[in-house]
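Accompanying notes for the structure given below.
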Amino acid sequence: MRVINVAAAQMGPIQRADGREVVVKRMLALMDEAKAKGADLIVYPELALTTFFPRWYMEDQAEVDSWFEREMPDAAVRPLFDRARQHQMAMSFGYAELTPDGHHYNTAILTDRNSNIVGKYRKVHLPGHEEYDPTRSHQHLEKRYFEPGDLGFPVWRNLGGIVGMAVCNDRRWPETYRVMGLQGVEMVVLGYNTPSVNSQKNVEGPEQRLFHNRLSVQSGAYQNSCWVIAVAKAGVEDGHPLIGGSLIVNPDGEIVAEAKTEGDELLVAPCDLDATRFGKETIFDFARHRRIEHYGLITSRTGAIPPE
Ligand code: CDV
């Protein structure tokens, strides 16, 4: 057995006025609870340090940049790194990254037990739109504030296993998991901020959104025989509701833990990486069963083109 005790640290809402110090205090409380429960790895949501700012239409670039971190760790976040090292706990969390040469990404990092950053991922599948859209019930301006990630879907050796990352909307795309699956991924960690209602279809409410969350995460885990840890930022941020429903899913695609609230809530589960082997050696033994001669369209065509 190669067990990683994983803590999925769902976070309740962060209001626009909440400073990073307040948020980091909440993250530290979750980390201390995770330590008390024997966690080796703690996973926080997408954009864990701030409110989900892409819901706000902004034209002033200085205002936009105030939501981004220019270095990692910066002063506000350093206590998290210090506490994680003290606890000998690996961690992953999402944040808005502004690089020294001016690029903006929706980023997640992975650290080892000594708080060294061993992995960085930049969100590839950016949802939403670039300009203010009055037809939507709320704005989702990720395409305005972020560039698509430029790092692909790498995986890293950490905690005795092979770990990959994704961010929110990436979890809905089978390509996300498969590219990591082809590198032998054993655990995918991801965070999300999913509005409880579809901004373009108001009958798609929280129940259906939670269903799509489970469907995406469970199928990604099963079809690549890996653990998936999916962690929400949830609850009502300045009047805008986000679903909870954080999940720990095993390599059979079964849910082993699921959040019950829309607040700060910790799920802890022992995840045996050797449990990934059966699927990887049988029905999803890629080397024996995949037929890449038929998959060319996946990388040569972006949008669907129906026959004449
Ligand atoms: N933050 C996200 O990527 N949210 C999307 C919403 C817009 C659908 C998601 O996939 O949950």
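Does the stretch 219-246 hold any residues that are in contact with a helix residue (DSSP H, G or I) (Cβ under 6 Å, 6 or more places away or on another chain) and either away from the ligand (no atom under 13 Å from the Cβ) or free of Cβ contacts under 8 Å to residues at least 60 places away in the same chain (or both), and which are they?
Matches in the stretch 219-246: G220, N224, S225, C226, V228, I243, G245.
Cβ-Cβ under 6 Å, sequence separation 6+ or interchain: first residue in the stretch 87-103 and in contact (Cβ under 8 Å) with a residue 40 or more places away in the chain and farther than 20 Å from I229 by Cα, partner of a type in the set (F, W, Y) and surrounded by fewer than 23 Cβ atoms within 10 Å (Cβ to Cβ). Which pairs?
Final answer for the pair search is A96/W67; A96/F68.
So, in the stretch 145-174, exactly how many residues are farther than 28 Å from A275 by Cα and away from the ligand (no atom under 13 Å from the Cβ)?
Of the residues in the stretch 145-174, 3 are farther than 28 Å from A275 by Cα and away from the ligand (no atom under 13 Å from the Cβ).
Residues F52, F81: which one is within 16 Å of the ligand (Cβ to nearest atom) and buried (at least 16 other Cβ atoms within 10 Å of the Cβ)?
Values: F81 fails: within 16 Å of the ligand (Cβ to nearest atom).
Going through F52, F81 in turn, the sole match is F52.
Quick one: which residue in G184, G205 is modelled with pLDDT of 95 or more, surrounded by 15 or more Cβ atoms within 10 Å (Cβ to Cβ) and among the small types (G, A, S)?
Exactly one of G184, G205 is modelled with pLDDT of 95 or more, surrounded by 15 or more Cβ atoms within 10 Å (Cβ to Cβ) and among the small types (G, A, S), namely G184.
Any residue at all in the stretch 52-63 that is under 19 Å from E21 (Cα atoms), more than 15 Å from the chain's Cα centre (by Cα) and not basic (K, R)?
Keep residues of the stretch 52-63 that are under 19 Å from E21 (Cα atoms), which gives 52-53, 63.
Now drop any that are not more than 15 Å from the chain's Cα centre (by Cα), which leaves 53, 63.
Then keep just the ones that are not basic (K, R); that gives 53, 63.
Checked against the condition, which is being under 19 Å from E21 (Cα atoms), more than 15 Å from the chain's Cα centre (by Cα) and not basic (K, R), the stretch 52-63 yields at least one hit.
With respect to the numbered conditions (1) more than 14 Å from Q10 (Cβ to Cβ); (2) surrounded by 17 or more Cβ atoms within 10 Å (Cβ to Cβ), which one is the sole condition not fulfilled by L247?
With (1) more than 14 Å from Q10 (Cβ to Cβ); (2) surrounded by 17 or more Cβ atoms within 10 Å (Cβ to Cβ) applied to L247, the lone miss is (1).
Note down all Cβ pairs under 7 Å where the first residue falls in the stretch 284-301 and is of a type outside the set (S, T, N, Q), the second is part of a loop (DSSP other than H, G, I, E, B), and they're at least six residues apart or on different chains.
Correct list of pairs: F284/S225; F286/L182.
In the stretch 110-136, how many residues are buried (at least 19 other Cβ atoms within 10 Å of the Cβ) and either more than 16 Å from the ligand (Cβ to nearest atom) or not charged (D, E, K, R) (or both)? Outline the logic, then answer.
We begin by selecting, within the stretch 110-136, every residue buried (at least 19 other Cβ atoms within 10 Å of the Cβ); these are 110-112, 115, 119, 121-124, 126.
The next check asks that each one be either more than 16 Å from the ligand (Cβ to nearest atom) or not charged (D, E, K, R) (or both); those that pass are 110-112, 115, 119, 121, 124, 126.
Summing the residues that are buried (at least 19 other Cβ atoms within 10 Å of the Cβ) and either more than 16 Å from the ligand (Cβ to nearest atom) or not charged (D, E, K, R) (or both) in the stretch 110-136 gives 8.
All but one of (1) on the phi > 0 side of the Ramachandran plot; (2) without any contact (Cβ under 8 Å) to a residue 40 or more places away in the chain hold for K260; state the number of the condition that does not hold.
K260 satisfies every listed condition except (1).
For residues in the stretch 1-38 being of a type in the set (D, E, K, R) and in contact with a strand residue (DSSP E or B) (Cβ under 8 Å, 6 or more places away or on another chain), which is farthest from K260 (Cα to Cα)?
The qualifying residue farthest from K260 (Cα to Cα) is R2.
Could you give me the residue pairs with C-beta distances under 6 Å whose first residue belongs to the stretch 134-151 and is closer than 26 Å to V203 by Cβ and without any contact (Cβ under 8 Å) to a residue 40 or more places away in the chain, whose second residue is in a loop (DSSP other than H, G, I, E, B) and within 13 Å of the ligand (Cβ to nearest atom) wherever it lies, and which are 6+ apart or on separate chains?
Close Cβ pairs (under 6 Å, with a partner that is in a loop (DSSP other than H, G, I, E, B) and within 13 Å of the ligand (Cβ to nearest atom)) amount to K143/L126; K143/G128; K143/H129.
Can you pull out the residues in the stretch 267-278 that are closer than 11 Å to E186 by Cβ and either outside any strand (DSSP E or B) or in contact with a Phe, Trp or Tyr (Cβ under 8 Å, 6 or more places away or on another chain) (or both)?
Across the stretch 267-278, the qualifying residues are C271, L273, D274, A275, T276, R277.
Determine the pairs where a residue that is within 20 Å of P251 (Cα to Cα), located within the stretch 199-218, has a partner that is within 12 Å of the ligand (Cβ to nearest atom) and part of a helix (DSSP H, G or I) with Cβ atoms under 6 Å apart, the partner being 6 or more residues away or on another chain.
That search, which allows pairs on different chains as well, returns S216/R171; S216/R172; V217/R171.
Run down V268, V256 and say which single residue is β-branched (V, I, T), within 20 Å of D40 (Cβ to Cβ), surrounded by 18 or more Cβ atoms within 10 Å (Cβ to Cβ) and under 19 Å from the mean Cα position of the chain (by Cα). Before you say what the answer is, go through the steps one by one.
Numbers: V256 fails: surrounded by 18 or more Cβ atoms within 10 Å (Cβ to Cβ).
Result: V268 is the single residue among V268, V256 that is β-branched (V, I, T), within 20 Å of D40 (Cβ to Cβ), surrounded by 18 or more Cβ atoms within 10 Å (Cβ to Cβ) and under 19 Å from the mean Cα position of the chain (by Cα).
Scan Q223, Q183 and give me the residue that is farther than 29 Å from K35 by Cβ and assigned to a loop (DSSP other than H, G, I, E, B).
Criteria check complete, one pass: Q183.
The values are calculated or read from the model by the stated rules, or taken from the named source; none is laboratory data. Bear in mind the structure is a predicted one, so any value in this text is a computation, not a measurement. Cβ sites come from the backbone with ideal geometry, for glycine too, and all protein chains shown count toward neighbours.
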